[in-house]
Amino acid sequence: VTPSAAPIDRAAVERTLAPFGRSRTLPAEAFHSDELFAWELDRFFGASWACMGRAAEIGVEELKAVRAGTESVLLARDGQGRLRAFSNVCRHRGHELVEEAQPATPALGIQCPYHGWSYGFDGGLRGAPSFGGTPGFDRDEFGLVRSAVVEWHGWIFANATGDAPSLDEHVGQLDRILEPYRPERLVRGGETVYEVAANWKLIVENYHECYHCTTIHPELCQVTPHDSGMNFEPDGAWVGGRMALMDHAHTMSLTGESGGVMLPDLTADQRREVVYVGVFPNLLVSAHPDYVLTHRLEPLAPGRTRVTCEWLFDPRAVEADGFDPAYAVDFWDLTNRQDWRACEAVQRGTGHRGYRPGPLSPRESAVYQFLSIVGKGYLGEAMVSPAPGRSIVSTRSPSPARP
Ligand code: FES
Ligand SMILES: [Fe+2]
């Protein structure tokens with residue numbers, strides 16, 4: 001990856017990167033500048049790893065085109081189940097191969113709709129009509145251009161440019177934190193797509209703190225103590241922590257009751273808490289004792305973000321007679337809408353003349369960690385979360401630090 005600094009005031013970014021307690025939030029341009037937004041799409045979403053959705057969305061011998069920053073990526077799963085990714089462009093005269101935003105479609109291979117060039121699932125050129133007798137024409141020269149793709153716990157991560165450090169480095173020990181939930185075996189029981197009038201980073205910032213919980217989430221505060229947060233010490237491009245459930249609550253729902261089944265491999269501690277992690281830049285994973293909720297962010301404009309929420313349950317829950325995911329979906333839909341209102345008001349506020357980057361409270365340490373990844377990225381440095389000192393971890397730990 002070629003480091004390249006972002007088009008943003010360097011001194012302001014350095015204030016964001018100052019030690020926790022003295023740092024400031026990002027300057028207004030971070031939420032409003034078209035030029036910076038384009039840079040972010042290119043560097044954070046195209047040149048790095050970004051989540052493209054669930055692996056289950058693309059079956060064997062199916063194709064799907066997705067957006068990774070400024071790039072269009074063609075995902076192709078072959079007959080053996082192997083997933084590959086290519087730049088979504090024909091090697092003849094550059095026609096796009098598959099239109100984005102279509103559901104996955106079954107295919108015998110990859111065929112360009114323009115002049116009919118055809119490629120295998122491995123990206124190799126198979127057929128180029130009328131080129132048979134062309135002297136010096138070598139099919140091997142015209143295979144599709146590869147992008148990097150990895151299936152991780154049931155999610156697809158793509159790196160359009162193909163030159164980011166490995167996804168293992170990106171996620172570090174987060175792998176071990178999510179493993180007990182076995183997200184790859186969970187199935188979708190609910191989905192909601194929101195369009196939020198706020199910058200994608202404001203949505204991530206908001207996700208990583210519960211300082212706002214008492215003021216805007218009365219229902220949430222019935223099932224989780226708002227000050228029970230405890231952060232992990234991330235070792236990659238991710239941020240997260242966990243929060244306790246109230247004694248009466250089995251999960252996050254309006255009543256604290258679960259309408260599903262408990263995930264089978266959790267420890268007694270994990271059954272009493274919810275894990276909240278954000279994989280930079282665009283996947284937020286909320287792992288509950290009986291379901292996993294994800295928010296996947298797609299930045300549409302500096303002040304506009306599509307958020308796809310998926311509620312993933314144990315297959316036994318979804319198959320059960322009369323299963324109703326509403327206990328989980330309705331609870332988080334209500335909470336989401338409270339959050340979107342706040343994020344949209346911050347989007348507007350940061351556009352006002354009187355906005356100045358502000359300080360973070362001791363309860364916003366995970367926001368600091370997220371902003372540190374962003375700030376380092378802006379300066380062209382390696383995007384890793386800083387290990388929090390003891391001083392930035394909130395009190396009231398629900399259980400000893402793990403892993
Ligand atoms: S551009 Fe694809 S076949 Fe001509
Ligand atoms: Fe919230």
Among the candidates W332, W311, W340, single out the residue that is among the aromatic types (F, W, Y) and not in a helix (DSSP H, G or I). W311
Residues of region 347-374 satisfying the condition of being farther than 22 Å from D227 by Cβ and in a helix (DSSP H, G or I): Q347, R348, G349, S372, I373, V374
Evaluation of S253 against (1) of a type in the set (S, T, N, Q); (2) under 24 Å from the mean Cα position of the chain (by Cα); (3) within 30 Å of R348 (Cβ to Cβ) (one fails), failing number: (3)
What number of residues in region 274-304 are more than 8 Å from the chain's Cα centre (by Cα), farther than 13 Å from F37 by Cβ and not in a strand (DSSP E or B)? 3
Between a residue in region 83-95 that is modelled with pLDDT of 95 or more and any residue that is of a type in the set (S, T, N, Q), which pairs come within a Cβ distance under 8 Å, given they are 6 or more apart or on different chains? A85/S147; F86/S147; S87/S72; S87/S147; N88/S72; V89/S72
Show me the helices (runs of 4 or more DSSP H) entirely contained within region 163-263 in which 3 or more residues are in contact (Cβ under 8 Å) with a residue 12 or more places away in the chain and more than 16 Å from ligand 2 (Cβ to nearest atom). 167-171, 174-178
Condition first: within 25 Å of G241 (Cβ to Cβ), over 23 Å from the mean Cα position of the chain (by Cα) and among the hydroxyl-bearing types (S, T, Y). Now tell me which residues in region 351-381 satisfy that. S361
Test: R304 is farther than 28 Å from T251 by Cα, modelled with pLDDT under 95 and out of contact with any Lys or Arg (no Cβ under 9 Å at 6 or more places or on another chain): no
Kindly indicate the residue of region 18-64 that is closer than 30 Å to A107 by Cβ and among the β-branched types (V, I, T) and also nearest to the chain's Cα centre (by Cα) among those meeting that condition. I58
Only one residue in G133, G190, G127, G120 is away from ligand 1 (no atom under 16 Å from the Cβ) and in contact with a strand residue (DSSP E or B) (Cβ under 7 Å, 6 or more places away or on another chain). Which one? G190
Which residue is surrounded by the fewest Cβ atoms within 10 Å (Cβ to Cβ), if the candidates are limited to region 65-93 and must be assigned to a strand (DSSP E or B) and charged (D, E, K, R)? R84
Determine whether S72 is under 30 Å from M383 (Cα atoms), of a type outside the set (A, V, I, L, M, F, W, C) and within 16 Å of ligand 1 (Cβ to nearest atom). yes
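The values are calculated or read from the model by the stated rules, or taken from the named source; none is laboratory data. Since we're looking at a predicted model, the values are computed, not measured. Note that each Cβ is placed from the backbone with ideal geometry, even for glycine, and that neighbours are counted across all protein chains shown.
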